[in-house]
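Undergrad: This is the structure I have questions about; it appears just below.
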Amino acid sequence: MSRKRGGKNKLASVEGLPADWRKKAKALRRYGGETPAVTLDRCADDLEATLAERDETTFSLVEAARESGYSADHLGRLVRDGRIPNAGRPGAPRIARRDLPRKAHAPPDPQQPLADRPRRGDVTNAQIVQSIIRKGIE
């Protein structure tokens, strides 16, 4: 999802939404919109709490491998070498989501027709928020 600001595209991220909502709440208050401003502030607080909880989630090496794209063996070596903190205990390592490395995805092949390329689809902000409410942040 992207938005235009000052002629430039700015990618919005879930992590950036609380600050954006608080900025909008401040503008609403300036024009007497206290009730919607309070709603935005509360939504920002809830999303920040959800994001913090998400970052604290820990995975076994097998779960972390599925999440990150790296093998469980490789992730285990990174934990043993101290390159990733062990969020578990000795002999039963776990990796916190915030510390999980992510394997970069290859850029799309420019020769592949656009219609055949995988894409996220057109998703509205409302659909994203509804998905977060239903499933939580993954």
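Undergrad: Hey, can you rank 71-77, 31-37 by average C-beta count inside 10 Å, highest first?
TA: 71-77, 31-37
Undergrad: Rounded to the nearest 10 Å², what accessible area does S13 have for a 1.4 Å probe in the complete protein model?
TA: 50
Undergrad: Report the net charge of residues surrounding V79, where surrounding means a beta-carbon distance below 15 angstrom and charges are Lys +1, Arg +1, Asp -1, Glu -1.
TA: That sum, taken over residues with Cβ under 15 Å, equals +2.
Undergrad: Let me ask another. Quick one: net charge of R94's neighbours, Cβ under 13 Å, K/R +1, D/E -1?
TA: For residues surrounding R94, the net value is -1.
Undergrad: Of D45, D81, which has the most accessible area with a 1.4 Å probe, and how do the rest follow in descending order?
TA: D81, D45
Undergrad: Another question about this same structure. Largest first, how would I128, I133, I84 line up by accessible area (1.4 Å probe)?
TA: I133, I128, I84
Undergrad: Next up: Explain nothing, just compute: Karplus ³J(HN,Hα) = 6.51 cos²θ - 1.76 cosθ + 1.60, θ = phi - 60°, for every residue of region 48-56 in order, whole Hz, x for Gly and Pro.
TA: 4, 5, 5, 5, 5, 5, 4, 5, 7
Undergrad: What's the extension gain from K24 to K135 if we count 0.36 nm per residue and subtract their Cα-Cα distance?
TA: Between K24 and K135, full extension yields 37.4 nm more.
The values are calculated or read from the model by the stated rules, or taken from the named source; none is laboratory data. The model shown is predicted, which means the values in this text are computed figures rather than measured ones. Because the Cβ atoms are built from the backbone with ideal geometry, glycine has one as well, and the counts that use them run over all protein chains shown. Areas reflect the complete protein model, heavy atoms only, side chains present, ligands, DNA and RNA absent. Shrake-Rupley method; radii C 1.70, N 1.55, O 1.52, S 1.80 Å.
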